[in-house]
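Have a look at the structure below before the remarks.
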Amino acid sequence: MKRVPHPIPYQGSKRNIARTILSFFPHQFDTLVEPFAGSAAISLAAASYGKSHRFHINDLNKPLMNLWNEIITNPHDISDGYETLWNEQKGREKEFYFIVRDKFNNTGRPDHFLYLLARCVKASIRYNARGEFNQSPDNRRKGRHPDKMRNDIFVVSYLLRDRTITTHEDYKNILKKVSKTDLVYMDPPYQGVCAGRDPRYYTGVDFDDFLSQIEKLVRRHISFILSYDGRKGEKIYGREIPADTGIRRIEVNAGRSTQSTLLGMNEITYESIYLSEDLVKRLNLPPDEILSKVIPYRGTKQMTLPLNRD
Ligand SMILES: C[S@@+](CC[C@H](N)C(=O)[O-])C[C@H]1O[C@@H](n2cnc3c(N)ncnc32)[C@H](O)[C@@H]1O
């Protein structure tokens, strides 16, 4: 199994189910479009496995997309910037984090943002009502070693340079521009909260609004993969996409959650993946009971359990 580089630590990253998601990629398409990119785990996995050659990564979070630009086009400077901050923190890690956080809130500098993401609680972005980054440091972690960070940054730059468009727009603008020859992967923010009030994101995504976007994509014959709801044990999170939307739902075993493992519980997280009608046709997917035996998950041990919704 390849080691896929992952320079931006990010809560909610889809890196642990990336290989499963790649298994639903058609053989040919023009551009892989990620309207809710975050740490772009799927684009990075697709680039590493040679499953896509052109990329469009978008996220409404402008400082995040500035960081992506630096990683892709300016790997030396961003690696040096991170290393300098990492060294300067020695012996005063907690106080230094707050100094960098203030500076980031004044300047939006990408090296500051990378340092904050590497050091903050659960690599989770939080903003206050004024739009300032206000997440606390995880004082047990010093942040990833600069040599490892540099390594991942250079690999990512090599993989994505000259074949990636980066934007920081609302997802609807991006969806308007996608074409039938593209493949869209969507992982919108967790929807257990009201739109616009989730401190993790600049904005939430309204469920009904999102549903109407999905319906438009289906009508326009766009091939897309969507990560949406899921469950941990019996507890369901997020709202399911209604079956009459015309997209196929597959439930994927995403392994034991770190939290459950820490608490000594055995709960497995299952994530839903939805495939658009056109993609299902292009893939010639077998019935669900056969599918369950072929979807790869982290090597060989565990198996996914697709559910038939009909
Ligand atoms: C669940 S995260 C995506 C995680 C990603 N799949 C990964 O592997 O890291 C959702 C992302 O959507 C972004 N976002 C929130 N509202 C958005 C909007 N209206 N348009 C575009 N992006 C948005 C957030 O900033 C966040 O990075």
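The values are calculated or read from the model by the stated rules, or taken from the named source; none is laboratory data. Every value quoted in this text rests on a predicted model; they were computed, and no experiment measured them. Positions of Cβ are backbone-derived with ideal geometry, glycine not excepted, and every protein chain shown enters the neighbour counts.
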* Asked: In the set 154, 96, which member is more than 16 Å from the ligand (Cβ to nearest atom), of a type outside the set (D, E, K, R), surrounded by 13 or more Cβ atoms within 10 Å (Cβ to Cβ) and without any contact (Cβ under 8 Å) to a residue 12 or more places away in the chain?
  -> 96
* To do: May I ask you to verify whether residue 38 is within 9 Å of the ligand (Cβ to nearest atom) and modelled with pLDDT of 95 or more?
  => yes
* Hey, among the residues in the range 171-186 that are surrounded by 14 or more Cβ atoms within 10 Å (Cβ to Cβ) and either modelled with pLDDT under 95 or part of a helix (DSSP H, G or I) (or both), which one's nearest to the chain's Cα centre (by Cα)? -> 171
* To do: Test residue 50 against the stated conditions and say whether it is outside the structural domain of residue 276 (by TED's automatic domain parsing) and in a loop (DSSP other than H, G, I, E, B).
  => no
* Asked: In the set 60, 64, 85, which member is touching a His at 6+ places or on another chain (Cβ under 9 Å) and farther than 20 Å from residue 100 by Cα?
  -> 60
* **Some residue of the range 89-103 being aliphatic (A, V, I, L, M) and in contact with a strand residue (DSSP E or B) (Cβ under 9 Å, 6 or more places away or on another chain)** => no
* **Residues of the range 69-93 classified as of a type outside the set (S, T, N, Q) and either touching a Phe, Trp or Tyr at 6+ places or on another chain (Cβ under 8 Å) or buried (at least 18 other Cβ atoms within 10 Å of the Cβ) (or both), total** => 10
* Answer yes or no as to whether residue 137 is under 30 Å from residue 31 (Cα atoms) and touching a residue at least 40 places away in the same chain (Cβ under 8 Å). => no
* Working only within the range 101-132, note down all residues that are surrounded by fewer than 22 Cβ atoms within 10 Å (Cβ to Cβ) and in contact (Cβ under 8 Å) with a residue 60 or more places away in the chain. => 122, 123, 124, 126, 127, 128, 131
* Asked: Condition test on residue 262, is it closer than 19 Å to residue 231 by Cα and at pLDDT below 80?
  -> yes
* Asked: List the pairs whose first member sits in the range 25-39 and is acidic (Asp, Glu), whose second member is within 16 Å of the ligand (Cβ to nearest atom), and whose Cβ atoms are under 6 Å apart, counting only residues at least 6 apart or on separate chains?
  -> 34/40; 34/43; 34/57; 34/185
* To do: With the condition kept exactly as written, say whether any residue in the range 110-123 is farther than 21 Å from residue 148 by Cβ, in a helix (DSSP H, G or I), of a type outside the set (S, T, N, Q) and under 17 Å from the mean Cα position of the chain (by Cα).
  => no
